[in-house]
Amino acid sequence: MPDTLGFMIVHTGKLLLKTINGTFSGITRDITFEQLGVLYYISRNKTKEMIQQDIAAVMDKTKSAILRSIDILEEKGFVKRLPVKGDRRKNVIELTGTGKSIIDTMHSKFLGHDGILKEGINEQDIETCINVLNRIQKKCK
């Protein structure tokens, strides 16, 4: 089994996630990589206001899982909920100033970490790896 593609991808993903969570935990006040992903997605989406359902859809998570992440991020002061006029069930999720600051810091650190991961690997191999992973992701959906 360790020599199968699926095992290698899952194992690599776990190692990468462990490394990322450990590297950034001091900066992020103990939020997870997944919660950081929520912050990042909100910060990069400039086309419309984000509601919980939009975030769940793009991250391929359940609304309840995203709700838990947003609750934690709000508790830590990274996001705020703003009511949607005319629909009491919906809230727009926005970054706070602290959330924006954390994302800026994390983005630059993540790019640095990405550079370390790519050290010693030529651009063509990286491009091939990304293409193969994209194709595998499409088959998994």
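Summary of computed values
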{"item": "Condition met for residue 132 (farther than 12 Å from residue 39 by Cβ and in contact (Cβ under 8 Å) with a residue 24 or more places away in the chain)", "result": "no"}
{"item": "Hits in the range 86-141 - residues which are surrounded by 10 or more Cβ atoms within 10 Å (Cβ to Cβ) and in a loop (DSSP other than H, G, I, E, B)", "result": "96, 121"}
{"item": "Qualifying residue in the range 30-37 (condition: surrounded by 13 or more Cβ atoms within 10 Å (Cβ to Cβ), of a type in the set (Asp, Glu), touching a residue at least 24 places away in the same chain (Cβ under 8 Å) and assigned to a loop (DSSP other than H, G, I, E, B))", "result": "no"}
{"item": "Single unsatisfied condition, residue 73 versus (1) touching a helix residue (DSSP H, G or I) at 6+ places or on another chain (Cβ under 7 Å); (2) over 12 Å from residue 52 (Cβ atoms)", "result": "(2)"}
{"item": "Residue match in the range 67-80 (condition: small (Gly, Ala, Ser), more than 27 Å from residue 136 (Cα to Cα), without any contact (Cβ under 8 Å) to a residue 12 or more places away in the chain and not in a helix (DSSP H, G or I))", "result": "no"}
{"item": "Unmet criterion (only one of (1) over 15 Å from residue 99 (Cα atoms); (2) among the hydroxyl-bearing types (Ser, Thr, Tyr); (3) surrounded by 12 or more Cβ atoms within 10 Å (Cβ to Cβ)) for residue 62", "result": "(3)"}
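Values in this text are rule-based calculations from the coordinates and carry no lab data. Only a predicted model underlies this, so the values are computations on that prediction, with no experimental measurement involved. We place every Cβ from the backbone using ideal geometry, glycine too, and count neighbours over all the protein chains shown.
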